[in-house]
Structure formats: C-alpha cells, structure tokens
Amino acid sequence: MSPARPLAYLYGVAEGPAPADMPAVEAILPGVAIEAHARAGLVAFASPVGEDEFGGRSLEAADPAWLTDRVIAHARVLAALMPRRTIVPLRFGTVCRDPGEIGDFIERQRTVLVDALDHVRGATEWGVKLHCDPDGLGAAVERELPAARMALAARAAATPARGFFLAKRIA
C-alpha cells in the first residue's frame with residue numbers, strides 16, 4: 001500500500017539499534033510493513049499509513065468495527081515486539097505527519113523515552129477480566145459514582161468512534 005500522503009503510525013520505542021529482522025505480524029493496516037527508525041540510541045517502530053485514515057479527526061469518524069480491528073492490530077504489533085526487547089508503547093493513533101520526522105521525535109523526547117524505558121524494563125503487563133451482570137454493575141456504578149454518570153452521559157452524546165474510546169475508558 002502506498003498512501004498518497006504518507007503519515008508514520010508509531011507503535012512504540014525501544015533502546016538500541018534497529019533489529020535485523022522484524023516480527024512476522026500484520027501491521028496497523030493489512031499489507032503494510034513495520035519499519036524501524038533508529039536515532040540517538042533509540043529505535044521507533046512505525047508503519048506508513050494514509051492521512052485519510054489516521055490524519056486529523058478521521059479516527060473520531062471511523063467505523064467502530066474498523067477501529068476495533070486497528071486497535072487490536074496495534075496491540076498485536078506491540079505484543080510481537082515485546083519479547084525481543086523492552087518497549088515503551090505509544091498511545092493508539094500516534095502519528096508523525098511525515099516519516100522523516102520520526103528521528104526528530106526521538107531526539108526531542110529522548111529523555112522522557114529513556115526514563116519510560118527505565119520504568120518499564122523488566123516489568124510485564126497483566127490484564128484482569130471481571131465477569132459480572134453488566135446491567136446490575138452499571139446501575140450500581142451510576143448510583144454510587146457521580147463521575148460515572150457524567151462519563152456515561154458523555155458516551156451517549158459522542159460520535160460512534162469517540163463513544164468507542166469512552167466506553168473503553170469507562171470499562
């Protein structure tokens with residue numbers, strides 16, 4: 001895929017040189033390669049994407065099913081990179097306006113990134129899944145937590161894509 005105006009979608013940053021080989025995992029978009037961009041002793045992992053898909057406010061208007069697939073792809077790329085080296089994951093949807101800006105990003109944020117790498121080195125990420133009656137839990141949360149009522153109201157008024165992310169934050 002060759003987007004007309006490519007942006008660089010960023011997954012995460014690690015220490016060291018670019019790896020000799022990249023993990024065999026599908027990137028954020030099908031058919032797009034994961035690339036390593038090294039500068040100042042760090043390496044950022046990225047993929048070219050189109051401005052129409054990831055530029056400006058396009059994610060807010062995206063189809064929730066498409067968006068879900070992209071979030072899962074982002075997580076899979078990070079999961080494939082993490083066994084190889086310590087990674088500071090970047091937030092879903094992080095892009096550079098030009099692939100040539102990745103090195104500048106690394107240099108500008110080097111101190112913060114190195115501190116973050118020191119913080120996560122040797123750590124593992126765990127998830128906890130809670131099974132419950134969602135209606136009962138939702139009613140209890142709304143009743144007991146005023147902030148939750150406001151968050152649920154914001155979700156109800158949001159665009160579908162924004163509602164998707166608000167639901168993840170609430171959940």
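The values are calculated or read from the model by the stated rules, or taken from the named source; none is laboratory data. Note that this is a predicted model, so its numbers are computed, not measured. Note that each Cβ is placed from the backbone with ideal geometry, even for glycine, and that neighbours are counted across all protein chains shown. With ligands, DNA and RNA removed, areas are computed over all heavy atoms of the protein, side chains included. Shrake-Rupley method; radii C 1.70, N 1.55, O 1.52, S 1.80 Å.
Electrostatic bookkeeping for L59 treats Lys and Arg as +1 and Asp and Glu as -1; over the other residues with beta carbon under 14 Å from its beta carbon, the sum is -1.
If you roll a 1.4 angstrom probe over the protein chains with everything in place, what fraction of the accessible area of the chain belongs to carbon and sulfur, to the nearest %? On the chain, the fraction of accessible area on carbon and sulfur atoms equals 56 percent. When you count the other C-beta atoms within 10 angstrom of each residue and take the mean per peptide, 128-138, 156-166, 113-123 line up highest first as 156-166, 113-123, 128-138. Which of the three applies to the range 51-106, rounded, prolate or oblate, going by the alpha-carbon gyration tensor with a ≥ b ≥ c and a/c under 1.5 meaning rounded? Since a/c reaches 1.5 but b/c is at least a/b, the shape of the range 51-106 is classed as oblate. Based on Cα contacts under 8 Å between residues 6+ apart, the range 1-132 shows a relative contact order of 35 percent.
Relative to the longest principal axis of the Cα atoms of the chain, helix 160-170 runs at roughly 80 degrees. Given R0 = 35 Å, the distance between the Cβ atoms of A38 and I72 translates into a calculated FRET efficiency of 0.80. Protection proxy ranking of 19-27, 95-103, 41-49, by the mean of other Cβ atoms within 10 Å over each peptide's residues and highest first, is 41-49, 95-103, 19-27. Would you work out if the range 92-133 is rounded, prolate or oblate? Take a ≥ b ≥ c from the square roots of the eigenvalues of the alpha-carbon gyration tensor; rounded if a/c is under 1.5, else prolate when a/b is larger than b/c, oblate otherwise. Since a/c reaches 1.5 but b/c is at least a/b, the shape of the range 92-133 is classed as oblate. Once the other residues with Cβ under 12 Å from the Cβ of M82 are scored (Lys, Arg +1; Asp, Glu -1), what is the net sum? Charge balance near M82 sits at +3.
For L29, neighbours were defined as the other residues whose beta-carbon sits under 12 Å from its Cβ, and their charges (Lys and Arg +1, Asp and Glu -1) total -3. Relative to the longest principal axis of the Cα atoms of the chain, the long axis of helix 134-144 lies at roughly 80 degrees. Between the C-alpha center of the range 25-43 and that of the range 118-171 there is a gap of 30 Å. In this structure the chain gives 61 Å² per residue of accessible area when probed at 1.4 Å with all protein chains present. Can you give the angle from 0 to 90° between the axis of helix 110-120 and the longest principal axis of the chain, with both taken from C-alpha atoms, to the nearest 10? Its long axis makes an angle of about 60 degrees.
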